[in-house]
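The block underneath contains the structure these notes are about, expressed in structure tokens.
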């Protein structure tokens, strides 16, 4: 305020000095009376407008609006004071006064902001990729934080190159390497939430070669729905490198088995099961039964969904049920009590090595648990039953894949044996971020300084995001007529070692080498029990397109229930007797193309036989 008092005085007498020549005396007593009147009115106006509540370090050019309004009031007070005290003031003086006062008040604040922010040593120098609305808003958000210093904008739009936005120059992406070296940039912040996935992937691939970490603001959908804020910076997800431009879901297919129906999800707390529940809630079923063995997982997904229901004011009855799919009586009670119309069966043991180490439990859960669910669904009149299957069911080399293929055979046989319940299966590969995905494992290993453990340098996998997979599962389930095996289009398979190298680069680090001995090492550990180098989605070539561009229908070998039930009875007896050798022999009898690449790895069996 003291500074502004001085500025008002300089503006008042300065405007008079510019207007009159040196022979004119304008320092007479009446001018001081006018100035006193102007000071009181102007300071009251600035106080009421909140000028003195602005923190100098975070002042932006937006303060100009406040100053302009206050200065207009000050100008009016000059004219009013001159009229009351009978002082003659030419019109040009008021114009000069207005210009000088605005310049002094705005300029002084921007000057002090620059002085206060000049200490950049402790702040992280960053570059914002994207000079559009999101990039400029991100700059404003970062200016409110003490941790970042924006060195430059980078944008693909040539019309913006060399322009200055909010004091920051916009450059071409071709100059990124020079800018990073010049400013010692540690992070590139992606502010391109609405850019198509294909272009986003190209940009990120170009950035992986640069010696800095890549962070991004959330996607446009999360910003619009309020799930995330613009100032939220995330590590660039590997989804951005592997993902494709999403195909818009067909709403009629999403709604068909869910709207106003009673829906049940087994394995509701798992990676796929929980995302299925999130997608199902949006289609507003009458009831949603969450069936889960793990207590904490059930608690977590129920709490999350209750919040969604409350926020959106959905009229949905949410029912959390603890239980195992190996208990058929409990399944029947649940399905009959809540009159289930649609069932999504996601409960399964999915970790290949763990099922190799626990063969009998894997068989009981994945095969007989699925059989229990299927028979319970038929008994209670469930209309639609959708099994979440896996690409590991195709020509399996491990017990887990074999159990999932036999689970498919069970449903195919039941579909043919009756017409009450419509059974279908949806087969897809790995989902990013799931409990068994390599992505969270690699990220954790990189954050700990390495090494990254990789089973084989040539190993490849198919990947898909969890929300995309879940939406496609729901849509595929609505298309089935009975016994269908649907295969999701997973795009091209990805070499896992390339994935690891990209993640190292995206996190601002380098792979260990002779030139960079302190980098992140990639260690080859050898294939785990039952692990394949390559995964497939089809057993044969008999595949046809469906009404959805990402969903195909496969025609696979199947058995009648009369034949399959005999094999299942033998397998059940072997499990009941805990005879692991007989279980393996029984699995080989099914038309599942089981081709084990390892000996028996069951831990209990090995302890007994090799003690």
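For the reader, a short list of remarks on this structure follows.
- The chain: angle of helix 580-589 to the longest principal axis, Cα-based, in degrees nearest 10: 90
- Extending 7 Å from Cα along the Cβ direction at residue 80 and again at residue 209 yields two label points whose distance is 6.7 nm.
- Rounded to 5, percent antiparallel among DSSP beta bridges of the chain: 20
- Model label zone, residue 44; criterion: amide N under 18 Å from point 7 Å along Cα-to-beta-carbon; scope segment 68-96: 69-85
- Take the Cβ atoms of residue 585 and residue 514, set R0 to 45 Å, and the FRET efficiency comes out at 0.30.
- Global form of segment 322-443, assessed from the alpha-carbon gyration tensor, a/c cut-off 1.5: prolate
- Annotation for residue 3 and residue 108: the two label points, set 7 Å from Cα along the Cα-Cβ direction, are 0.6 nm apart.
- Diffusion coefficient (Stokes-Einstein, Kirkwood radius over C-alpha pairs, 10 °C, 1.306 mPa s) for the chain: 54 µm²/s, rounded to a whole number.
- Degrees between helix 328-337 axis and first principal axis of the chain (Cα, 0 to 90, nearest 10): 50
- Rounded if a/c under 1.5, otherwise prolate or oblate - segment 260-387, Cα gyration tensor axes: oblate
- Estimated from the Cβ-Cβ distance and a Förster radius of 60 angstrom, the FRET efficiency linking residue 164 and residue 36 is about 0.90.
- Relative contact order of the chain, pairs being alpha-carbon contacts under 8 Å that are 6 or more residues apart, as %: 11
- Length gained when the stretch residue 140-residue 593 is fully extended (0.36 nm per residue, less Cα-Cα span): 157.1 nm
- Label-point separation in nm, residue 523 to residue 52, each point 7 Å along Cα→Cβ: 6.5
- Full-stretch length increase - residue 308, residue 29 - with 0.36 nm per residue and alpha-carbon distance subtracted: 93.4 nm
- Compared with the dominant Cα axis of the chain, that is its longest principal axis, helix 438-447 is turned about 50°.
- Shown is the FRET efficiency for residue 286 and residue 202, computed with R0 = 60 Å from the Cβ-Cβ distance and rounded to the nearest 0.05: 0.85.
- Placing one equal scatterer on every Cα of segment 2-116 and applying the Debye formula, the log10 ratio I(q)/I(0) at q = 0.11 Å⁻¹ is -0.36.
- Taking the fewest neighbouring Cβ atoms within 10 Å as the starting point, the ordered list for 463, 314 is 314, 463.
- Extension gain for residue 453-residue 324 works out to 43.1 nm (0.36 nm per residue, less the C-alpha to C-alpha distance).
Where a number appears in this text, it was derived from the coordinates with a stated rule and is not lab data. Just so it is clear, the structure is predicted and the values come from calculations on it, not from any experiment. Positions of Cβ are backbone-derived with ideal geometry, glycine not excepted, and every protein chain shown enters the neighbour counts.
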